[in-house]
Amino acid sequence: MIKLVVFDAYGTLFDVYSVVELAETFYPKKGLELATLWREKQIEYTRLITEAGSQHYLSFWDVTIASLRYACQKLSLQLEGKQEHQFLNQYLSLKAFDESLHVLKELKNNRIQTAILSNGSPEMLLSAVENAGMSDYLNKIISVDDVKLYKVAPEAYDLVLKNFDFDKEEVLFVSSNSWDALGATWYGFKTYWVNRYGLPFETIGPKPSKSGPELGEVISIALS
């Protein structure tokens, strides 16, 4: 029986590519390319930092800034201070996917606890959650900032059990990032991979417990 559903934040509850529209206003026909490279560099930097060890930790906010600057340099796009400020403000209020709030409400209505476990810094996550009106539907917002190691380090997933008195088998971990779903599966959680874009799963490691194209399927999985 599932007693707790834990969601990744970026790409799962919140659309990291909702920055494309703003990017297009600054760099016509380059918005998607910039947003994609920005996201890829974010993930790459979190992995580099974790491989190097917690003594080299940078917050996800700092990683986000560094990744934006790198992406603009690589694409030969001039990044002015005002533009950077607007991009970062956009990241603090990323658009939630249409079904995200509905899923959280339904889980709460059925007395299933919910949480976020994210690489995001606490301030970033709180801002995004409040902006999306999700505060009343989450029991915890957990950031890897507490251990200064990014997912998929086991210490990051440990934070769930440190914050909730549940066994691994009672937790469903939900992510749209296949590497994150794999990390949580390795850790021992039941997992659901939200495969919105019809991508193949990773070709190493175990498959997630379940996968599907929509976040809404979490409700039936949690209640089954």
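Summary table below
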item	result
Potential lengthening between Lys29 and Glu170 on full extension [0.36 nm per residue; Cα-Cα distance subtracted]	46.2 nm
Most positive-pole-ward Cα, Ala66, Gly198, Thr50, against dipole of the chain from beta carbon charges	Gly198
Coil-residue trypsin sites (Lys or Arg not before Pro) of the range 123-224, DSSP, other Cβ within 10 Å capped at 15	Arg196
Surface share of carbon and sulfur [accessible, 1.4 angstrom probe, percent] for the chain	49
On Cα atoms only, tilt of 100-109 relative to the major axis of the chain in degrees	20
Cα centroid separation, the range 33-70 to the range 190-205 (Å)	22
GNM result for the chain, Cα springs below 10 Å: residue of Leu22, Leu68, Leu126 fluctuating most strongly	Leu22
Extension gain from Leu77 to Met1, taking 0.36 nm per residue of separation minus the Cα-Cα distance	22.3 nm
For Thr191, residues with placed amide H under 5 Å, excluding near neighbours	Phe173, Ser209, Lys210
Residue-wise HN-Hα coupling along the range 49-66, computed from phi with Karplus coefficients 6.51, -1.76, 1.60 (Hz; x: Gly, Pro)	5, 5, 5, 6, x, 4, 5, 9, 4, 10, 5, 5, 4, 5, 4, 5, 5, 4
Rounded to 10°, Cα long-axis angle of helix 122-131 versus longest principal axis of the chain	80
Principal axis dimensions, the range 1-102 - Cα atoms, whole angstrom, descending	52, 38, 20
Cβ-placed point charges (K, R +1; D, E -1), dipole of the chain about Cα centre in debye, nearest 20	200
From phi via Karplus (6.51, -1.76, 1.60), per-residue ³J(HN,Hα) for the range 184-196 in Hz, x at Gly/Pro	5, 5, 4, 5, x, 7, 6, 9, 10, 9, 8, 9, 5
J(HN,Hα) series, the range 158-167, from Karplus relation 6.51 cos²θ - 1.76 cosθ + 1.60, nearest Hz, glycine and proline x	4, 4, 4, 6, 6, 9, 9, 8, 10, 7
Total formal charge among the other residues, if their Cβ is under 15 angstrom from that of Ser59, Lys/Arg +1 and Asp/Glu -1	-2
Efficiency of FRET from Cβ geometry, Arg111 and Leu48, R₀ 45 Å, rounded to 0.05	0.65
The chain: most fluctuating residue of Gln83, Gln42, Gln113 per GNM, C-alpha cutoff 10 Å	Gln83
Estimated [θ] at 222 nm from DSSP helical runs (n ≥ 4, -39500 (n - 2.57)) normalised by residues in the chain, nearest 500	-14000 deg cm²/dmol
Accessible area per residue in Å² at 1.4 Å probe, computed on the chain	48
Share antiparallel - DSSP beta bridges, the chain, percent rounded to 5	5
The range 1-112 - charge dipole about Cα centre, Lys and Arg +1 at Cβ, Asp and Glu -1, debye rounded to 20	180
Net charge, Glu169 excluded, C-beta distance under 12 Å - Lys, Arg +1, Asp, Glu -1	+1
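The values are calculated or read from the model by the stated rules, or taken from the named source; none is laboratory data. All values reported here derive from a predicted model rather than from experimental measurement. All Cβ positions, even for glycine, are placed from backbone atoms using ideal geometry, and neighbour counts span all protein chains on display. Protein only, heavy atoms only, side chains kept; ligands, DNA and RNA dropped before computing areas. Shrake-Rupley method; radii C 1.70, N 1.55, O 1.52, S 1.80 Å.
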